[in-house]
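Notes follow once the structure below has been shown.
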Amino acid sequence: AQSVTQLDSQVPVFEEAPVELRCNYSSSVSVYLFWYVQYPNQGLQLLLKYLSGSTLVKGINGFEAEFNKSQTSFHLRKPSVHISDTAEYFCAVKTSYDKVIFGPGTSLSVIP
Amino acid sequence: NAGVTQTPKFQVLKTGQSMTLQCAQDMNHEYMSWYRQDPGMGLRLIHYSVGAGITDQGEVPNGYNVSRSTTEDFPLRLLSAAPSQTSVYFCASSYSQGETQYFGPGTRLLVL
């Protein structure tokens, strides 16, 4: 069965520091990959997605992610975080059966 | 566009009671889904629909029913509430299965 792993459940980082949130997936076929963000007491919204083409994907709010097929990873990065980036981040993969599987989430806490 | 709307925002039930969580979207999306979000477990798919009149089970369907009589609405019914159903419930829609999903604000349910 296909799965999504987010290795870090919680990531504290100081304001203006860089951050990387890790995501690995298990799949032997082509996939679509997504990162969603959930701000406190809100629903999820799309940050960015990889469908095909360039392996470096840019999203909203200065986030970017790099698709690495050989390592089956799709890590999310931001060079300088802001207090407003404090949120839960979910990696998701569209499987070969057109279903979307979400990872368990990473809670990013930005420290002033 | 209102996007995806959910009612109620909060609900407290007693064990054994039944209720319906409402979900509506005004984007003419064919695909709609219900997830539950529990700490450390990410989002788990309860039921989904690929179009009016068509529904299917997700990962955790037991204790829940759905129907899709129109493109816009996708209610989730709890038949006999149990404390294990205490969770935050999210409805989502997308143009088609596996594409970017748009989430509602969630319903926070407490079963006593």
Options B:S69, B:S87, B:S80: the member that is farther than 18 Å from B:A24 by Cα, surrounded by fewer than 16 Cβ atoms within 10 Å (Cβ to Cβ) and hydroxyl-bearing (S, T, Y): B:S80
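Here is a list: B:S84, B:S69. Which entry is more than 14 Å from chain A (Cβ to nearest Cβ) and not in a loop (DSSP other than H, G, I, E, B)? Before you say what the answer is, go through the steps one by one.
Numbers: B:S69 fails: not in a loop (DSSP other than H, G, I, E, B).
Only one candidate qualifies: B:S84.
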Residue that is surrounded by the most Cβ atoms within 10 Å (Cβ to Cβ) [pool: residues in segment B:30-62 that are part of a strand (DSSP E or B) and in contact (Cβ under 8 Å) with a residue 60 or more places away in the chain]: B:M32
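Which one of these is more than 10 Å from chain B (Cβ to nearest Cβ), touching a Phe, Trp or Tyr at 6+ places or on another chain (Cβ under 7 Å) and touching a residue at least 60 places away in the same chain (Cβ under 8 Å): A:C23, A:C91? So that I can check it myself, show each step before the final result.
Numbers: A:C91 fails: more than 10 Å from chain B (Cβ to nearest Cβ).
After ruling out the rest, the residue left standing is A:C23.
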Residue list for segment B:63-91, restricted to those being touching a residue at least 40 places away in the same chain (Cβ under 8 Å) and out of contact with any Gly (no Cβ under 7 Å at 6 or more places or on another chain): B:T71, B:E72, B:D73, B:F74, B:P75, B:L76, B:R77, B:P83, B:S87
Meets criteria (over 24 Å from A:Y89 (Cβ atoms), at pLDDT 95 or above and out of contact with any Pro (no Cβ under 7 Å at 6 or more places or on another chain)) for B:L21: no
Residues of segment B:96-112 satisfying the condition of being more than 7 Å from every other protein chain (Cβ to nearest Cβ) and β-branched (V, I, T): B:T107, B:V111
Counted residues, segment A:24-58 - those being under 15 Å from the mean Cα position of the chain (by Cα), in a loop (DSSP other than H, G, I, E, B) and either buried (at least 18 other Cβ atoms within 10 Å of the Cβ) or of a type in the set (A, V, I, L, M, F, W, C) (or both): 2
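Residues in segment A:4-20 that are in contact with a strand residue (DSSP E or B) (Cβ under 6 Å, 6 or more places away or on another chain), within 14 Å of chain B (Cβ to nearest Cβ) and surrounded by fewer than 18 Cβ atoms within 10 Å (Cβ to Cβ): how many? Break it down stepwise before answering.
Restricting attention to segment A:4-20, the residues satisfying the condition of being in contact with a strand residue (DSSP E or B) (Cβ under 6 Å, 6 or more places away or on another chain) are A:4-6, A:8, A:10-15, A:19-20.
Still in the list and also within 14 Å of chain B (Cβ to nearest Cβ): A:4-6, A:8, A:10.
Adding the requirement that they be surrounded by fewer than 18 Cβ atoms within 10 Å (Cβ to Cβ) leaves A:5, A:8, A:10.
The qualifying residues number 3.
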Segment B:14-28, residues that are over 25 Å from B:V111 (Cα atoms) and crowded, with 20+ Cβ neighbours inside 10 Å: B:Q25
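The values are calculated or read from the model by the stated rules, or taken from the named source; none is laboratory data. In this text, all values refer to a predicted model and were calculated from it rather than measured experimentally. Positions of Cβ are backbone-derived with ideal geometry, glycine not excepted, and every protein chain shown enters the neighbour counts.
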